[in-house]
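Peer 1: Got a structure here, written out as structure tokens. Questions coming.
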Amino acid sequence: MGTILLYENEIEEKLHLNAIRAIAKETGIPEEKVGLIYEAALEKMKEHARVKDFLPILVKREVMGMLLKLTESAHEGVCA
């Protein structure tokens with residue numbers, strides 16, 4: 001397995017950073033934490049992606065789903 005270049009150019013980097021900021025704003029989770037999760041998901045998806053134009057949308061959806069599950073799990077633990 002080769003090394004994946006996470007951001008191929010500045011435009012792509014800005015698109016992904018904007019997605020990270022949007023997730024952080026929507027969830028109230030700090031950008032640094034969202035960024036770690038987002039970039040890990042991006043790396044996995046980018047490895048297999050043929051068309052990369054939709055990656056910001058797909059990764060954002062994946063990360064929001066992951067964060068929702070984590071939030072629900074944490075909430076269930078508090079309520080139990």
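Peer 1: Only residues in segment 44-58 that are polar (S, T, N, Q) count as the first member; pair them with residues that are at pLDDT 95 or above and outside any helix (DSSP H, G or I), Cβ under 9 angstrom, at least 6 apart or cross-chain, and list the lot.
Peer 2: Short answer, once both residue conditions are applied: none.
Peer 1: Next question. Of the residues that make up segment 49-70, is at least one of a type in the set (Asp, Glu), surrounded by 12 or more Cβ atoms within 10 Å (Cβ to Cβ), modelled with pLDDT of 95 or more and part of a helix (DSSP H, G or I)?
Peer 2: Checking segment 49-70: at least one residue is of a type in the set (Asp, Glu), surrounded by 12 or more Cβ atoms within 10 Å (Cβ to Cβ), modelled with pLDDT of 95 or more and part of a helix (DSSP H, G or I).
The values are calculated or read from the model by the stated rules, or taken from the named source; none is laboratory data. All of these numbers come straight from a predicted model, not from anything done at the bench. Cβ sites come from the backbone with ideal geometry, for glycine too, and all protein chains shown count toward neighbours.
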